Amino acid sequence: GVDFSRSVVVVIDVLRATSVITYALANGAKALWPVSTTDEAFELRNKLLAQGLSPNTIILGGERNADIISGFDLGNSPQAYTHERVGGRTVVLTTTNGTLALGNAHGARHLLSASLLNAQVVSQRTIQLAQAEDLSIVLLCSGNYGQPTLEDSLCAAVMARDIEFMLGADNVCYLSDHAIGTRMMAEAYTPNSVEWFRMARHYNKLISKGYGTDVQVCLQQANTLGVVPIRCANGYLV
């Protein structure tokens, strides 16, 4: 119910949806469609096939309860979205939290996604978009089943710090109280330190299910990818 029509909204789901989006586009995916449900994913694939795309150019990716969905090509592991697998292809992605958040922000004037992998370049683009149209900036943390997560809050904190720094002393950056509190996390954070997340609930769930490599990729490669996923006029991310 939030009005995002005068906002640049950046959706964050570090573990793992927006990290997957970053990887897929960095590795040459032609387009990435985020959808909220499994049924929507199959329906969109059928629609794209009816529009003339061949079956081997469409990748279904996503997870439920952290695991790959039955009948899908890929799960929610960033490193699976290699150039060989997704280069030049259209990815349809549905996840428990991240793509749901992207759907909830559909009314945004501009909609982007960020992870620790690309936080800095997304911050730069966000400022450009906001200043060009005098828009507010919303850093929307996906969380996990409606609850905040440490990794998403930390990514937002790093971005808030970077945005303040990039704007410089000549531009006033008004932070909400929540943003101020989250921003303080950035001062305590040691970049690329997985130890920082050892007590985090979602982190531990992924470790227990055997996704330790995913955790390492998402949390230990800060600002290594230069892609800025942004929604185009047709609704997909490029």
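The values are calculated or read from the model by the stated rules, or taken from the named source; none is laboratory data. For clarity, every value in this text was computed on a predicted model and none was experimentally measured. Methodologically, a virtual Cβ is constructed for each residue, glycine included, from the backbone with ideal geometry; neighbour enumeration extends over all protein chains shown. For accessibility, only protein heavy atoms count, side chains too; no ligands or nucleic acids. Shrake-Rupley method; radii C 1.70, N 1.55, O 1.52, S 1.80 Å.
On the stretch given as the range 126-161, residues that are hydroxyl-bearing (Ser, Thr, Tyr) and either free of Cβ contacts under 8 Å to residues at least 24 places away in the same chain or farther than 15 Å from Ser176 by Cβ (or both) total 4.
For the range 76-86, filtering for residues that are over 18 Å from Pro55 (Cα atoms) and crowded, with 17+ Cβ neighbours inside 10 Å leaves 4. A Cβ distance below 8 Å, combined with a sequence gap of six or more or placement on separate chains, defines the contacts here; from the range 66-80, residues that are under 12 Å from Ala17 (Cβ atoms) and in contact (Cβ under 8 Å) with a residue 12 or more places away in the chain reach residues that are open to solvent by 20 Å² or more (accessible area, probe 1.4 Å) and part of a strand (DSSP E or B) in the pairs Gly75/Asp67; Gly75/Ile68; Asn76/Ile68. The listed residues are Asp73, Asp152, Asp134, and the only one of them that is among the acidic types (Asp, Glu), modelled with pLDDT of 95 or more and crowded, with 24+ Cβ neighbours inside 10 Å turns out to be Asp152. The number of residues in the range 31-49 that are over 18 Å from Leu100 (Cβ atoms) and surrounded by fewer than 16 Cβ atoms within 10 Å (Cβ to Cβ) comes to 3.
Return the residue satisfying two criteria in turn: it lies in the range 187-208 and is in a helix (DSSP H, G or I) and among the β-branched types (Val, Ile, Thr), and of such residues it is most open to solvent (accessible area, probe 1.4 Å). Of everything passing the filter in the range 187-208, Ile207 is most open to solvent (accessible area, probe 1.4 Å). Determine whether Cys218 is open to solvent by less than 40 Å² (accessible area, probe 1.4 Å), in contact with a strand residue (DSSP E or B) (Cβ under 8 Å, 6 or more places away or on another chain) and either basic (Lys, Arg) or not in a loop (DSSP other than H, G, I, E, B) (or both). Spelling it out, it is not the case that Cys218 is open to solvent by less than 40 Å² (accessible area, probe 1.4 Å), in contact with a strand residue (DSSP E or B) (Cβ under 8 Å, 6 or more places away or on another chain) and either basic (Lys, Arg) or not in a loop (DSSP other than H, G, I, E, B) (or both).
When we screen Leu48, Leu53 for residues that are under 12 Å from Val92 (Cα atoms), out of contact with any Pro (no Cβ under 9 Å at 6 or more places or on another chain) and at pLDDT 95 or above, the only hit is Leu48.
Taking the criterion of being under 20 Å from Leu117 (Cβ atoms) and open to solvent by 60 Å² or more (accessible area, probe 1.4 Å), no residue of the range 50-70 qualifies. Pairs, please: C-beta under 7 Å, at least 6 apart or cross-chain, first residue basic (Lys, Arg) and in the range 177-196, second open to solvent by less than 70 Å² (accessible area, probe 1.4 Å)? Qualifying pairs under 7 Å: Arg183/Ala157; Arg183/Ala160; Arg183/Leu175.
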